[in-house]
Amino acid sequence: MKKIDIPGTLTKTTTSFINNNGQIIVTNADDSEAGRTHYFITENETTLFSNMRVEDFNDKAEVVGSCSTGGVCIWDQANGFTTLEGVQHTSGFLTPTYARAINNNGQVVGGASNYVYIWDRVNGTQIVSRGWGNSIADDGSIHLQVGSLNQLWKDGQVIYDDVKLLVRGINSNLMAYSKYSTWDPVNGVERYSGRFRGSDIANALNDSGQIVGYYGNNAALWKAGVTRNLNDFLLNDSGWVLNVAYDNNNAGQIVGRGTFNGEEALFLMTKETVTRPSLSYDISTLEHPDGPRRSISLQDINSKGEIIGHITRPSSGFKWSKENGFLLYSSINSNTYGRRVVNELNELGDVGGEIFSYPRSRSALIWTNDNQQIEIDIADQIVSINESGQAVARCYQCDDQIWNYRTGELFNLTTLSGKPFNADAINNQGLVVGQVRNAQNIETYTFDLRTNNLTQIFPPVMSNRQLLAAKINDNNQMVFNGTPTSANTCTGNCAILYSNDTWQVLPSLVATRTSRVYDMNKSGMVVGASYIGYKSRAVIWFNNKIIDLNDFVDPASSWVLSLARGISDDGRIVGDGKLNGVKKSFVLTPQASCDLFDNGNGTVSDPSTGLMWIQDADAAGRSNWDGAKMRANTLTSAGYTDWRLPELTELEELNVTLTRSGAFQPTPFINLEINGQSDWHWSNTEASDDCQWWRCQYRGWVFDFESGTAHEFGKGARLNSIPVRTDTTASCSY
């Protein structure tokens, strides 16, 4: 959820539109200086315009409507207003009096007196027929009304008529929608009851057949007869109440109006697929053989299960593995009073850190996976290492170095980059991220060791305070700790992600509170801490969502996880917390996940059963038992032709998987479960052998996913079905 910020004060007449590029038009905002105005909102800019009644806008950001000076006009950011000209007709010269829609080719449909017109910049105005123009698709097909008769025109011909409902518009697939129904006039009529309650209005339709609008005082999403209250998708403490949805695009983004923390506001809702790191974790702690007197703090973990951290009394860095136990690190000169600090562990088992020894000397050090100690005495500490043998060596009284501890090569970063470059992190390709300190400010740069290219990256959401990079992965995603300029984002430090040239301040558990990031793996999963009051909670971020890691832990275990410092590429996490009120380190190991998996091609795999299902449970349509079998057996989808109608036991097993998955991630199926409505699906299983002959012949088993029960039903009933096939590639994994 995102609040759409505009300069004006919202009124009850405020409406919003969104196109397929995510650009937004806000209409009828009441600005104290400019009066009733409209705003064109892009990612980085808001443009004000007025003097028209907005009806529609397209992906080119061309806005069409009625001009306050009379007639019809188009507005766009580059050209301002263009007035549509009239056309000579048998009934005289006709001037466009209203416009209803504009397609992505700039064609406008509307009305001129009692005639429907199409206008474009090349051909001008053309009269189509008597009636009222209503909607236009990209191929020029239009919907129009003549009295109570509805018609669809394509290539100058009527291809469908006799729809006696109040049609609101068509999408690019020529599916039409109205107040209560949707239908496909080209491929055959399919009407669906809206099942709305109270006062219901449909406002917009995308190419996937999803309609948005409202019923009662709730914003709604409607597809194939299923009505979903958009408020059901919100977190309980979001502060939002969504009252009406005005428009949606093909990416599933929805704009509308509601209240945020009690104040009227416009919202942007984005359809998000959440991929969780695992269904659940096993939690354990790492104890030293000497017991509680040797307190342990964990720093990092790799996919081999090796862990690095620190032990007190005496203070020392260590690496632990199941095979070798604790390996304590000491300095090369065996100074028993020195303090060994480990900072980072790579997937190969190499450890980077530093040695403190008295009197006040400090050396950067690498402990390799074959237990060699390699010291670089002209630097102070190792802050980052990669799997190619390159390490970032920090020097506080001199220039930072890049040290290849496999070849012994040492490079001065300032000399290589040509600027006073301080490095924070390095990935496996040799891309380094850090800062260049100028007299006026501190700027963020990347330096590529392969090409010696120094590139500045600009954080638009940040103030001129220091940005410290915590990690860069091989997808060139970077995570930072820093302070944004927006005071309402967080207080103090914020966790910040830079990915695909886009900056994102990662959310906190409590809005405007401090968060800190410590590590990120190759999949972009980020771990750290977020504060609630004065206490921190260990968290994980992925897909710009934040999850409290305590949610993965059974409350009866008496664990409280306060800080996550490291995450491996296979999702293992280490950090600090308390067990029964006593400070302990924790290790989270992902359990093998047998969750349903969205294949991204309209199918869903179930690793626990080795089956693949059609994702849209309504895709086959409603039919009798024989029709359901025929449709499944003749189906070709996602390149497979071996689809069939599932057995009753397979539907029951699918229901078990859905139940086991819990509420952390929504089901990847579409239209499988209808909130508050019964949804029955045919199985291939006929009535039992010991039934009466007429029941065996005419009855089959259906499964109801809403109640989780099976029933015998007459084979002539028109019900849904979900085709299935055997999936030999599906397996449970981390």
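Could you please report the charge total around Lys419, scoring K, R as +1 and D, E as -1 over all other residues with beta-carbon less than 12 angstrom from its beta-carbon?
Local charge sum for Lys419: -2.
Along the positive direction of the dipole of the stretch 1-95 (beta-carbon charges: Lys, Arg +1; Asp, Glu -1; about the Cα centre), which of Thr90, Ile24, Thr11 reaches farthest?
With unit charges placed on the Cβ atoms, the residue in question is Thr11.
For the stretch 1-149, give the magnitude of the charge dipole about the Cα centre (Cβ charges: +1 Lys/Arg, -1 Asp/Glu; no others), in debye to the nearest 20.
440
Mind listing the phi-derived Karplus ³J(HN,Hα) values for the stretch 566-574, rounded to whole Hz, using 6.51, -1.76 and 1.60 with θ = phi - 60°, and x for any glycine or proline?
x, 9, 8, 5, 9, x, 6, 10, 10
Give, as a single signed number, the net charge of other residues whose beta carbon lies under 10 Å from the beta carbon of Gly430, with Lys and Arg counted +1 and Asp and Glu -1.
Charge balance in the 10 Å sphere: 0.
For Cα pairs less than 8 Å apart in space and 6+ apart in sequence, what is the mean separation divided by the residue count of the stretch 564-606, i.e. the relative contact order in percent?
24
Peptides 74-80, 609-615: what's the order by average Cβ count within 10 Å, highest mean first?
609-615, 74-80
Each residue of the stretch 44-52 in order: what ³J(HN,Hα) in whole Hz does its phi give by Karplus 6.51 cos²θ - 1.76 cosθ + 1.60, θ = phi - 60°, with x for Gly and Pro?
10, 8, 10, 10, 9, 8, 8, 6, 7
Mean separation of Cα pairs under 8 Å and 6+ residues apart, divided by the residue count of the stretch 38-115: what relative contact order is that in percent?
Relative contact order of the stretch 38-115: 23 percent.
Solvent-accessible area of Met175, probe 1.4 Å, all protein chains present, reported in Å² to the nearest ten, please.
Its heavy atoms expose roughly 50 Å² to the probe.
For Leu410, what is the net charge nearby, where nearby means another residue's Cβ is under 15 Å from its Cβ and Lys, Arg count +1, Asp, Glu -1?
Once positives and negatives cancel, what remains is -4.
Can you pull the percent of the stretch 544-633's accessible area that's carbon plus sulfur, 1.4 Å probe, other chains left in place?
48
From the square roots a ≥ b ≥ c of the eigenvalues of the alpha-carbon gyration tensor of the stretch 537-643, which class results: rounded (a/c under 1.5), prolate (a/b over b/c), or oblate?
Prolate is the answer for the stretch 537-643, as a/c is 1.5 or above and a/b outweighs b/c.
Choose one of Gly131, Gln77, Asn51: the residue whose Cα lies farthest towards the positive end of the charge dipole of the stretch 31-157 (beta-carbon charges +1 Lys, Arg; -1 Asp, Glu; about the Cα centre).
Farthest towards the positive pole: Gly131.
Peptides 513-519, 704-710: what's the order by average Cβ count within 10 Å, highest mean first?
Taking the mean over residues of other Cβ atoms within 10 Å, the ranking is 513-519, 704-710.
Over 18 Å between C-alpha atoms is what I'm after, so list which of Lys471/Lys578; Lys471/Lys535; Lys535/Lys578 land there.
With Cα atoms farther than 18 Å apart: Lys471/Lys578; Lys471/Lys535.
Calculate, in nm to one decimal, what Ile201 and Asp138 gain on full extension: separation in residues at 0.36 nm each, minus their alpha carbon distance.
Stretched out fully, the Ile201 to Asp138 stretch lengthens by 20.2 nm.
Which of the three applies to the stretch 349-432, rounded, prolate or oblate, going by the alpha-carbon gyration tensor with a ≥ b ≥ c and a/c under 1.5 meaning rounded?
Here the stretch 349-432 falls in the oblate category.
Can you compute 3J(HN,Hα) from phi for each residue in the stretch 515-531, using the Karplus curve 6.51 cos²θ - 1.76 cosθ + 1.60 with θ = phi - 60°, rounded to whole Hz and x for Gly and Pro?
These are the phi-based 3J(HN,Hα) values: 9, 9, 9, 10, 7, 8, 9, 5, 8, x, 6, 10, 10, x, 9, 9, 9 Hz.
At 1.4 Å probe size, with no ligands or nucleic acids counted, give the accessible surface of Lys2 in Å², nearest ten.
Result for Lys2: roughly 120 Å² accessible.
Using +1 on the beta carbon of Lys and Arg, -1 on that of Asp and Glu, and nothing else charged, what's the dipole of the stretch 387-481 about the Cα centre, debye to 20?
160
Which order do the peptides 246-252, 445-451 come out in when sorted by mean C-beta neighbours inside 10 angstrom, highest first?
The most tightly packed comes first, giving 246-252, 445-451.
Need one number: the % of Cα-Cα pairs in the stretch 1-147 sitting beyond the 21 Å mark.
44
Give me the 1.4 Å probe accessible area per residue for the stretch 353-433, excluding ligands and nucleic acids, in Å².
Counting only protein heavy atoms, the per-residue value for the stretch 353-433 is 43 Å².
Heavy atoms only, 1.4 Å probe, whole protein assembly: order His38, His711 by accessible area, highest first.
Per-residue accessible area, sorted high to low, gives His711, His38.
Express in % the proportion of alpha carbon pairs of the stretch 34-98 at distances exceeding 17 Å.
In whole percent, the share of Cα-Cα pairs in the stretch 34-98 beyond 17 Å is 45.
The values are calculated or read from the model by the stated rules, or taken from the named source; none is laboratory data. Only a predicted model underlies this, so the values are computations on that prediction, with no experimental measurement involved. Glycine gets a Cβ as well: all are built from the backbone with ideal geometry, and neighbour counts include every protein chain shown. SASA here: full protein model, heavy atoms, side chains in, ligands and nucleic acids out. Shrake-Rupley method; radii C 1.70, N 1.55, O 1.52, S 1.80 Å.
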